[in-house]
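Student: One structure, pasted below without further comment.
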Amino acid sequence: MNATAMDLKDANLESVDTPTQNEESADSLLQIRNLKKRFSLSGDFLEQLRFKGGKLIRHREYVHAINGVNLDIKRGEALCVVGESGCGKSTVARTVMGLLTPTAGEISYAGQRIDNLSSRELLPFRKRMQMIFQNPYASLNPRMTIQQTLEEPLRLHHPDWNRLKVQEKVQEVMSSVGIDPDWGKRFGHEFSGGQRQRIAIARALAVDPEFIVADEPISALDVSIQAQVLNLLMDAQRDRNLTYLFITHDLAVVEHFGTRVAVMYLGTVCEIATTATLFNKPRHPYTQALLSAIPRLEDDRPQHIRLKGEVPTPVNLPSGCVFHGRCPYANTRCRQEIPTLVTQLDGTRVACHAVEENRL
Amino acid sequence: MTTPTVTQSNSQTTRPRIPSRWERLRDSYLWYSFKRDHTAQLCLAIFIGLVIVAFASPLLAPTDPYDLRQIDIMASELPPFWIEGADERFILGTDAQGRDLLSIILYGTRVSLLIGFGAVILQALLGITFGLMAGYLGGRVDALLMRLADIQLSFSTLMVAIVVGAVVKATMGGAFYSEYAIIMLILIIGLAEWPQYARTVRASVLAEKNKEYVDAARVMGLRSKRIMFRHVLPNTLSPIFVISTVQIANAIISEAALSFLGLGMPETHPSLGSLIKSGFDYIQSGSWWITLIPGAVLVILVLSINLLGDWLRDVMNPRLYKG
């Protein structure tokens, strides 16, 4: 570390923390520890057998969708996860909700590990955590009326409620998302995309959850409707004190909606920061490139960063830092050693050797 | 909240009436297409007509062909009314045992329909359950059930019928077999052809189970059984309807073929197939009507079902009509 580097860059390197550190866990609602998920590409056992050099060998290939993700979601915040297509955002969301079983790692909700629970043991958590899906045209059962769709979670989680109470709750939740309760006898396909997404939100809110995973909830909607639905989600957060894990690739939405942002690249988290910090001072080279790609009206902004090449295939992961092939600051250490998330002075956590060594 | 109130006030001014189930049907593409398709209308009319007549046969038939006292052997092989030598008591003539052909065709159609529907209900129960499980649960369950289906399909219905028939006749005796022939045939045809259903259902389940409403149901915490039967199954009904029409026709044909070969309904309680068989011995001696009239009824019945199935397939084909 020389003095010029110290002058040029903030001396913001504070501590190298291990992925399993617990200092943040006091107020965190959901903890993801070293989560990994891979998908097999090679089919069943018989399809894996190959002849190679006269010998029968078992050949297996995997898509490494997420490789050691660590996230803490604090009570009451909206943590946005951004990244380009195929970086594992949705896989994180689906693994958190138990739709996928993780290959390795732990997920804890309010201090209790949930990734290894049976579906029966998970039921009390289902009431506390809900999910909103991307495509409102596919997320409502086409053969069920809205009333039936909204009653189902209530009947499951409140078996002691009578018909009247269920009805009242459905009416309440429908009007809270701006759908006329009189439309309950209609089917999903009779509504527009925005209305359907409102109904999907109502379904998630019906059981009064405290945590909602939203997997690109507005990206399938018309631009004019996106803001309405986003506002609805923010109102719900304020009124019901919700915590969000919000998956998106729309940086404008992140700026508007997120308390904190996690940037993902090829199945790893490269930077976590509060929204303002991330947009003002992106640390990780990938985050810098990503933010510079936002089209803006000002013409005095610096030339946007062009990354070389393409995202490597998640089948054969690069050694070391997954970003090293495209990073202008990569050196031998980046090619060999996988960087861990390091907490900076302002609380931002960055997984980058260059930032750690103050080369950047 | 600003946006919700906007929607609410909009909805109050233009609140449409919720249509009833009947109105939904009348507005549906199914009804629209049915109104324009004269073939479908004719086929449905013939089919419903045959079903009503067949199941009301004890009331409509001039004689009871199962009652031996009403049979006069001297009146055997009488021709239908438009041929010289006909007896006015027997409009369509009589068979070789002197039974009134009209009555026995009505009773026989009832037997054929019973076996057809019974077998298809059994096929559907087995096939839908196995297909749903194979498609939704996947993995080993899928592999096991689909290999079972492959094995089942490699036995022809005929072979199953011969084996089951032989075993039952050898162990329980011929009288027992005759008495329970309808149940036997339902079991044989039902068990032999469930893989058709299972494969169709599995294919649609594979397409449906990756849709987000299934994920939403899983996130809700619903159990697999409820998701399969309450969420996935209703969305695979279109192909099930279509295949059901084809399978009813197939089952009736299978039953007729088995009876024609002497493996099906006994002469005393004939189905359309056994009637054709019983008349077949006399076709060379000029009594063609004993075979041809039941044969024509069988053809009309199966043809009308098949044409209805064709129409239904066209209507429910999502590539032609998306809804």
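Student: Rounded, prolate or oblate, given the Cα gyration tensor of segment A:118-258, with a/c below 1.5 counting as rounded? Walk me through the numbers on the way to the answer.
Tutor: Details: a/c = 1.74, a/b = 1.27, b/c = 1.36.
The shape class here is oblate.
Student: Moving on to the next point. Once you sort the root eigenvalues of the Cα gyration tensor of chain B as a ≥ b ≥ c, which label holds: rounded (a/c under 1.5), prolate (a/b larger than b/c) or oblate (the other case)?
Tutor: Here chain B falls in the oblate category.
Student: Taking Cα pairs under 8 Å and at least six residues apart, what relative contact order does chain B come out at, in percent?
Tutor: This gives 21 percent for chain B.
Student: Can you return the lysines within cross-link range of residue A:165? Criterion is Cα-Cα under 23 Å, with same-chain partners fewer than 8 residues away left out.
Tutor: Of all the lysines, those that pass the test against residue A:165 - Cα under 23 Å, at least 8 places apart if same chain - are A:127, A:185.
Student: Counting Lys and Arg as +1 and Asp and Glu as -1, what is the net charge of the other residues whose Cβ lies under 11 Å from the Cβ of residue B:71?
Tutor: Around residue B:71, the charge tally is -3.
Student: Using a 10 Å cut-off around each Cβ, can you sort A:256, B:231 from fewest to most neighbouring Cβ atoms?
Tutor: A:256, B:231
Student: While we're here: Under the rule that an exposed site lies in a DSSP loop and has at most 10 other Cβ atoms within 10 Å, name the longest stretch of chain A with no GluC sites (Glu not before Pro) of that kind, not counting the sites themselves.
Tutor: Details: sites that count: A:23, A:298, A:310.
Counting at most 10 other Cβ atoms within 10 Å as exposed, the longest clean stretch of chain A is A:24-297.
Student: Around residue A:276, what is the net charge, scoring Lys/Arg as +1 and Asp/Glu as -1 over all other residues with Cβ under 12 Å from its Cβ?
Tutor: Its environment carries a net charge of 0.
Student: Can you give the charge dipole size of the protein assembly as shown about its Cα centre, rounded to the nearest 20 debye, using +1 on the beta carbon of Lys and Arg and -1 on the beta carbon of Asp and Glu?
Tutor: Its charge dipole is roughly 1160 debye.
Student: Another question, then. Report the local net charge at residue A:247: Lys and Arg +1, Asp and Glu -1, summed over other residues whose C-beta lies under 12 Å from its C-beta.
Tutor: -1
Student: Could you compute the longest span of chain B free of trypsin sites (Lys or Arg not before Pro) located in DSSP loops and having at most 16 other Cβ atoms within 10 Å, not counting the site residues?
Tutor: The segment B:90-222 is the longest one with no such site.
Student: Sorting A:176, B:154 on the 10 Å Cβ count, fewest up front, what's the list? Before the final figure, lay out each step's value.
Tutor: Working: A:176 20, B:154 9.
If I rank by nearby Cβ atoms, fewest first, I get B:154, A:176.
Student: Turning to a different aspect of this structure: Could you work out, residue by residue across A:176-186, how many beta carbons of other chains sit within 10 Å of that residue's beta carbon, and then give the average as an integer?
Tutor: Details: counts 2, 4, 10, 4, 6, 2, 6, 4, 1, 3, 3.
Across A:176-186, the average partner-chain Cβ count within 10 Å equals 4.
Just so you know, all these numbers are worked out from the coordinates, no wet-lab data involved. Only a predicted model underlies this, so the values are computations on that prediction, with no experimental measurement involved. Quick reminder, even Gly has a Cβ in these numbers, built from the backbone with ideal geometry, and neighbours come from all protein chains shown.
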